[in-house]
Amino acid sequence: MTTIGMLHHRKNPDTVLKSYAFAAVAKAEGLDFFYFTPRAVNFTTRTIQAKVLENGVWQEKNVSFPDVIYNAGSPEKLAISRNIIKQLRSEIPFTTNSIGNKLNITKRLIEAKEFANYLIPTTNIKRVKQFYEQIQMYKKLVFKPVEGRKGKGIYFISKLVNGYEVQKDSTRQTLSKAQLDSFLQQQLTEESFIVQPYIQSTMKNGQVFDFRIHVQKNGEGQWVITTVYPRVAPHGSIIPNINNGGFTNYLEPFLQLEFKEEAFNIKRMLEHFGLSLARHLDEIQMIKFDEVIDEIGIDVGLDENGKLWIYEVNWRPGCPPAFYLELDVVKHTLQYANYLAQHSAEVKAQIEQVKGRALAVKANDRPIIAITGSAGKTTTKAFIASILSKKWTIFESKDYWNTTEHTKKHKELIDDSHKAVVLEYGMAYPGVIKNHCSIIQPNISVVTNIGLAHVGNFDGDIKGVAKAKSELIQGMDQQGYLILNSDDANSKWLLTNQFKGTIKTVGIHQKADYMASHVRYQQEGMAFNMKLRNQEISVYIPILGEHHVYNALCAVAVADQLGFSPEEIKAGLVFKKPPRRLTLYHCRDDILLIDDTVHSHPQGVRAALDVLCEVGKGRKIALIGQMRELGDLREEEYRKLGAYIAAKKIDQLVTYGFRTEEIGDAAQRNGLARANIQHFINKEALHTFLKGLVKKGDTILIKGASKTNMFETVQFLDRQFKA
């Protein structure tokens, strides 16, 4: 049974009201619970003189160290026992840790940049002169203490034609400059203050409101929304905090009344924002202090244009004031404490992974993303670039610009305006990718798969291809982030043993970190489901073929690790497809052309044939061109491909180019009628034949490498049967 200790600076738990709730809920959850102060700890005997609730009364007992500690006291009041707490932390996991005061949180978010545009400009006021500079700029300011809580000590100061108006709660007074000087000087002598321009959220009746988003970690270690509720200021006041006379309401009726048809979208937006910010602050805590947090309260508002602004972020906020949610808050806290006690090693590993990713990105001060693989490089690159460009200015290499000479050109073109770089690293021989990495070293790398492209340059040995592709793993930042395909059998030959960074996998059939399920063909694209950020989402990509789902998953993995939301990722996956990659041409008489004439290797041909069989409604015609650089494996791979075509029940096979008749011979041996197989080495004769072959309702796949110029056949058929 897990034992949880509540650490507090007060000796008497009777003065800490929530201690009763924690003790009661712990008992209901089957957890041992006690209350203690730092001075009650004895490291010699490894015991604590604690308080245990029995029959409604706190009893003093000598207990062993707990499995996990919930630190409930005020950090500044626990500071006197800093050494004791430091030693406890070194031995026992703590559920949560202070994220600092208002100014510290603002600084962290500004430095991390991701949420900076939601922050109201904040200035730490140390001299009266600074205040006047700010009010001259904004005319109306919020003046509040850095260490303030529960809405206490907040002033709203406005510049008038003659003098200044100072409002606290619902009380207003007009002061001269001399009087305001004296007031400000007195406040700044007593404590530290910040100022912000006053951005107001106002109801239809004129009352001021904001939203409190209460976010916690649950018993699975995941961030969840405990509640979102509006807080409304009393008439005449502009402080909606409950401790200052504000009141609250249920969220959905409030949104329906104030926002009508936008109510649902605003609710989802608030929930998504709360979870995203919690994860972000948690990662900052991991990176800066090797710690985690488990609960925050976020106060946000919406201005007259509907823009969301962060008013405050509170670590360990008070329980929601209504709706019987106090026990829910306590329950989440205790369930997470139990999770942490049982998974502390996993949490430590998570912290190291987050720090590793941060270091990888920091190494070049931006993500440098490189993609290699036998197939899917360009499409994966296009997916990643499409998502990242939703928020950032990025550098994306041109399609098929993947030689080392291209990489040298890219290095000259990348500048400080690019927040991320997305590149494609191609290779045909050993040492090429190593050269790429010496020119531009990536800190995020993707290996889409290991196939037979260029295998002829490696004596027909697939391990040689994998070794050459592994140059990306060896040449990238060794604390970076690597994505591999768990469904690709040949990827097992990649050299990953020495890599010190984070490896994530994508897959459909084998277990992976990013998995697609319920993969299905849709109108000119694919749809699939996946779990992302602890939620099930449905995704659409405007390109056909299950093989492109893997490319999309690689892009999802990159974007997720860079902090993009599921909604941003989904939007970015609806990308501009690279040309001549399973592009559909709808011709007259319901004739459908499928253009896949960029690259050709066995894996890609089979994938294209799968698409033909999925989308073809009438006769299915496959026009297959020569595959290059297979070396001694050509005959074997052509035989395998012929057998695959026969098994797919293709109606008509046409081959084009040197020795491709071997594909047709293998198809015939496996059951395809000889009358339905044709072979050409002359393109003009091929076109004459196709002109007489194609009929109403046919679907024709044209598959070949760029060097065979089979796109000319696509153009010929498109002209011949143009709608």
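Pairing each residue of segment 644-669 that is part of a loop (DSSP other than H, G, I, E, B) with any residue that is of a type in the set (V, I, T), provided the two are 6+ apart or on different chains, yields C-beta distances under 6 Å for G657/T708.
Restricting segment 374-407 to residues that are out of contact with any helix residue (DSSP H, G or I) (no Cβ under 6 Å at 6 or more places or on another chain) and assigned to a helix (DSSP H, G or I), the residue that is surrounded by the fewest Cβ atoms within 10 Å (Cβ to Cβ) is E405. The residue of segment 674-694 that is nearest to C587 (Cα to Cα), among those that are surrounded by 12 or more Cβ atoms within 10 Å (Cβ to Cβ) and basic (K, R), is K691.
For beta carbons closer than 8 Å, sequence separation of 6+ or different chains, a first residue in segment 195-213 that is at pLDDT 85 or above and among the basic types (K, R) and a second that is buried (at least 20 other Cβ atoms within 10 Å of the Cβ) and not in a strand (DSSP E or B), the qualifying pairs are R212/P317; R212/P320. Give the residues of segment 90-111 that are part of a helix (DSSP H, G or I), in contact (Cβ under 8 Å) with a residue 12 or more places away in the chain and surrounded by fewer than 19 Cβ atoms within 10 Å (Cβ to Cβ), sorted by residue number. The answer is E91, L103.
Which residue, of I351, I368, is modelled with pLDDT of 90 or more, of a type in the set (A, V, I, L, M) and either over 15 Å from the mean Cα position of the chain (by Cα) or surrounded by 16 or more Cβ atoms within 10 Å (Cβ to Cβ) (or both)?
On the way: I351 fails: modelled with pLDDT of 90 or more.
Criteria check complete, one pass: I368.
Name the strands (runs of 3 or more DSSP E) wholly within segment 510-563 that hold at least 2 residues that are at pLDDT below 90 and not assigned by TED's automatic domain parsing to the domain that holds V224?
Details: elements: 517-522, 525-532, 535-541.
In segment 510-563, the matching strands (runs of 3 or more DSSP E) lie at 525-532, 535-541.
Among the residues making up segment 1-22, those that are over 37 Å from the mean Cα position of the chain (by Cα) and without any contact (Cβ under 8 Å) to a residue 60 or more places away in the chain are K11, N12, P13, D14, T15, V16, L17, Y20.
Answer yes or no: is there a residue in segment 404-425 that is in contact (Cβ under 8 Å) with a residue 60 or more places away in the chain and more than 26 Å from K355 (Cα to Cα). Explain how you work it out, then say what you get.
Filtering segment 404-425 for residues in contact (Cβ under 8 Å) with a residue 60 or more places away in the chain gives 420.
Narrowing further to those that are more than 26 Å from K355 (Cα to Cα): none.
Among the residues of segment 404-425, not one is in contact (Cβ under 8 Å) with a residue 60 or more places away in the chain and more than 26 Å from K355 (Cα to Cα), which makes the answer no.
Checking the stated criteria, I284 turns out to be out of contact with any Ser or Thr (no Cβ under 7 Å at 6 or more places or on another chain), outside the structural domain of I135 (by TED's automatic domain parsing) and either within 30 Å of P93 (Cα to Cα) or of a type in the set (D, E, K, R) (or both).
Residues being within 17 Å of F273 (Cα to Cα), buried (at least 16 other Cβ atoms within 10 Å of the Cβ) and in contact (Cβ under 8 Å) with a residue 40 or more places away in the chain: count how many of those fall in segment 214-233. Reasoning before the result, please.
Taking segment 214-233 and keeping what is within 17 Å of F273 (Cα to Cα), we get 214-217, 222-230.
Still in the list and also buried (at least 16 other Cβ atoms within 10 Å of the Cβ): 214-217, 223-224, 226-230.
Then drop every residue that is not in contact (Cβ under 8 Å) with a residue 40 or more places away in the chain, which leaves 214-217, 223-224, 226-229.
Number of matching residues: 10.
The residues of segment 455-486 that are closer than 24 Å to R634 by Cα, in contact (Cβ under 8 Å) with a residue 60 or more places away in the chain and surrounded by 21 or more Cβ atoms within 10 Å (Cβ to Cβ), listed by number, are V455, V465, K469.
Of everything in segment 34-55 that is assigned to a strand (DSSP E or B) and charged (D, E, K, R), the residue that is farthest from the chain's Cα centre (by Cα) is E54. If you check D181 against the conditions, is it of a type outside the set (A, V, I, L, M), in a strand (DSSP E or B) and in contact (Cβ under 8 Å) with a residue 12 or more places away in the chain? It is false that D181 is of a type outside the set (A, V, I, L, M), in a strand (DSSP E or B) and in contact (Cβ under 8 Å) with a residue 12 or more places away in the chain. Considering every residue within segment 413-427, establish whether at least one is under 30 Å from V605 (Cβ atoms) and assigned to a helix (DSSP H, G or I). Within segment 413-427, none of the residues are under 30 Å from V605 (Cβ atoms) and assigned to a helix (DSSP H, G or I). When you scan segment 15-33, do you find a residue that is crowded, with 19+ Cβ neighbours inside 10 Å, at pLDDT 90 or above and part of a strand (DSSP E or B), even just one? Yes.
Scanning segment 324-344 for residues that are aliphatic (A, V, I, L, M) and modelled with pLDDT under 90, which turns out surrounded by the most Cβ atoms within 10 Å (Cβ to Cβ)? Show your work before the answer.
We begin by selecting, within segment 324-344, every residue aliphatic (A, V, I, L, M); these are 325, 327, 329-330, 334, 337, 340-341.
This time we only want the ones that are modelled with pLDDT under 90, so: 325, 327, 329.
On the way: L325: 16, L327: 13, V329: 21.
Looking at the filtered set, the residue picked out is V329.
On the given criteria, is R588 touching a Lys or Arg at 6+ places or on another chain (Cβ under 8 Å), surrounded by fewer than 19 Cβ atoms within 10 Å (Cβ to Cβ) and more than 30 Å from E114 (Cβ to Cβ)? Even if it seems obvious, please write down each step before you answer.
Numbers: touching a Lys or Arg at 6+ places or on another chain (Cβ under 8 Å): yes; surrounded by fewer than 19 Cβ atoms within 10 Å (Cβ to Cβ): yes; more than 30 Å from E114 (Cβ to Cβ): yes.
When the stated conditions are applied, R588 passes them.
The values are calculated or read from the model by the stated rules, or taken from the named source; none is laboratory data. Values in this document were obtained by computation on a predicted structure and should not be read as measured data. Neighbour counts run over all protein chains shown; Cβ positions are idealised from the backbone, glycine included.
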